[in-house]
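Student: Can you keep this structure in mind? I'll have questions shortly.
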Amino acid sequence: MKENILEIKDLSVTFKKKHHPSEQIIKNIDLTIPKGEIVGIVGESGSGKSMTMKSVMSILPSNGVSKYSSFLFDGKTLDSKERIPAAMIFQDPMTSLNPLRTIGYHLIEVVQRFQKVSKKEAENLAIIELEKVGITLAEKRMKQYPHELSGGMRQRVMIAMALLAKPQLLIADEPTTALDVTIQAQILNLIRKLQKEEDLSVILVTHDFGIVAGMCQSIRVMYDGKIVEEGNIDDVFYHPAHDYTKELLKAIPTGDKNEKLYSLSGYSETSEEREMSEMIAISETHRVLKKRGERNG
């Protein structure tokens, strides 16, 4: 039986709004991430992927409230005040890096937050990490500002910052969205390489099934704040069980230049119907959200 790095039961996230009723964004989901694997969380924009990850990292906006019945990290029960040894790579480095601070300032700050070392030692560690993520002339880059680097290099800086936090779990939230195809492949290869070298568990948040197919061992499919299907790559790609998953798979581009964009019009389940559903095990590795009592078919 696989060990899990993360196990959360009955996770919900609710946002309080002035003069409006509170809105539940994440709807009582169970999230399990196996140790030492890359797990893909897939879904359209607004499905709750990023908000789930921000809840895991305890970085929700001030009007967001996260609740769960249990939270285990590497087998240890944590309370709501404890930070887990995890780091997050965001999709747009320019919103995460202070444009008025050098690359070196950002990296040194992270090192000194997690290690009791001098500024010079922190600088040396930062340079080593920049080289590890494939940035040439690392000493020169330390003195540069974010706008002086390309998009791919900025994303490598974000990965270096994440690794300097010494995480056991790395969360990559749409890490290649703003990059061209060639640089996308380089960043994904880098994440895969570092995952093996650093023995990391990785959550890869994306809307792109193609990326998941090439990177991940298992998938969680999200829609409207719910996980509607989860399983290993073969389970979900070759035996999709939920209508929404089937629609997402149909929407994967084939590369045919005459192909029309596919509309996800074939999925019509209501939010109320999903609320009356529960996760059912199809096999040891494959689970799907079905209406209570509907275990077959």
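Student: Could you list, in sequence order, all residues of the range 55-66 that are crowded, with 19+ Cβ neighbours inside 10 Å and closer than 18 Å to Glu174 by Cβ?
Tutor: Ser55, Val56
Student: Here's a follow-up. Can you list the helices (runs of 4 or more DSSP H) found entirely within the range 225-297 that contain at least 1 residues being closer than 27 Å to Met53 by Cβ, modelled with pLDDT of 90 or more and not aliphatic (A, V, I, L, M)?
Tutor: Qualifying helices (runs of 4 or more DSSP H): 233-238, 243-250.
Student: Show the residue pairs that are 6+ apart or on different chains and have beta-carbon atoms under 8 Å apart, the first residue being within the range 124-144 and charged (D, E, K, R), the second being not in a helix (DSSP H, G or I).
Tutor: These pairs meet every condition: Arg141/Ile135; Arg141/Leu149; Lys143/Thr102.
Student: Turning to a different aspect of this structure: Under 16 Å from the mean Cα position of the chain (by Cα) and either buried (at least 17 other Cβ atoms within 10 Å of the Cβ) or modelled with pLDDT of 95 or more (or both): is that true of Thr206 in this structure?
Tutor: Answer is yes for this residue.
Student: Could you list, in sequence order, all residues of the range 123-158 that are over 15 Å from Val110 (Cβ atoms), surrounded by fewer than 18 Cβ atoms within 10 Å (Cβ to Cβ) and among the hydrophobic types (A, V, I, L, M, F, W, C)?
Tutor: Leu137
Student: Okay, moving on. Would you be able to say whether some residue in the range 138-152 is over 24 Å from Ile38 (Cα atoms) and out of contact with any helix residue (DSSP H, G or I) (no Cβ under 9 Å at 6 or more places or on another chain)?
Tutor: Yes, the range 138-152 has at least one match.
Student: Could you please find all residues in the range 23-54 being of a type in the set (S, T, N, Q) and either part of a helix (DSSP H, G or I) or under 26 Å from Asn189 (Cβ atoms) (or both)? Working first, answer last.
Tutor: Taking the range 23-54 and keeping what is of a type in the set (S, T, N, Q), we get 24, 28, 32, 45, 47, 50, 52.
Answer for the range 23-54, where residues must be of a type in the set (S, T, N, Q) and either part of a helix (DSSP H, G or I) or under 26 Å from Asn189 (Cβ atoms) (or both): Ser45, Ser50, Thr52.
Student: Can you report the number of residues in the range 159-180 which are assigned to a helix (DSSP H, G or I) and surrounded by 23 or more Cβ atoms within 10 Å (Cβ to Cβ)? Talk me through it step by step, then tell me what you get.
Tutor: The first filter runs over the range 159-180 and keeps only residues assigned to a helix (DSSP H, G or I), leaving 159-164.
Next, from what is left, pick out any that are surrounded by 23 or more Cβ atoms within 10 Å (Cβ to Cβ): 159-162, 164.
Residues in the range 159-180 being assigned to a helix (DSSP H, G or I) and surrounded by 23 or more Cβ atoms within 10 Å (Cβ to Cβ): 5 in total.
Student: Out of the residues in the range 147-203 that are closer than 20 Å to Glu44 by Cα and of a type in the set (Gly, Ala, Ser), which is modelled with the highest pLDDT?
Tutor: Ala172
Student: Within the range 11-36, take every residue that is at pLDDT below 95 and among the charged types (D, E, K, R) and give me the one that is nearest to Ile280 (Cα to Cα).
Tutor: Among residues in the range 11-36 that are at pLDDT below 95 and among the charged types (D, E, K, R), the one nearest to Ile280 (Cα to Cα) is Lys27.
Student: So Ile191 ticks every box in (1) more than 19 Å from Ile33 (Cβ to Cβ); (2) assigned by TED's automatic domain parsing to the domain that holds Leu204; (3) touching a helix residue (DSSP H, G or I) at 6+ places or on another chain (Cβ under 8 Å) but one. Which box is left unticked?
Tutor: Tallying (1) more than 19 Å from Ile33 (Cβ to Cβ); (2) assigned by TED's automatic domain parsing to the domain that holds Leu204; (3) touching a helix residue (DSSP H, G or I) at 6+ places or on another chain (Cβ under 8 Å), Ile191 fails exactly one: (1).
The values are calculated or read from the model by the stated rules, or taken from the named source; none is laboratory data. It should be emphasised that the depicted structure is a prediction, and the values quoted were computed from it without experimental measurement. Using ideal geometry, Cβ is built from the backbone for each residue, glycine included, and neighbour counts are taken over all protein chains shown.
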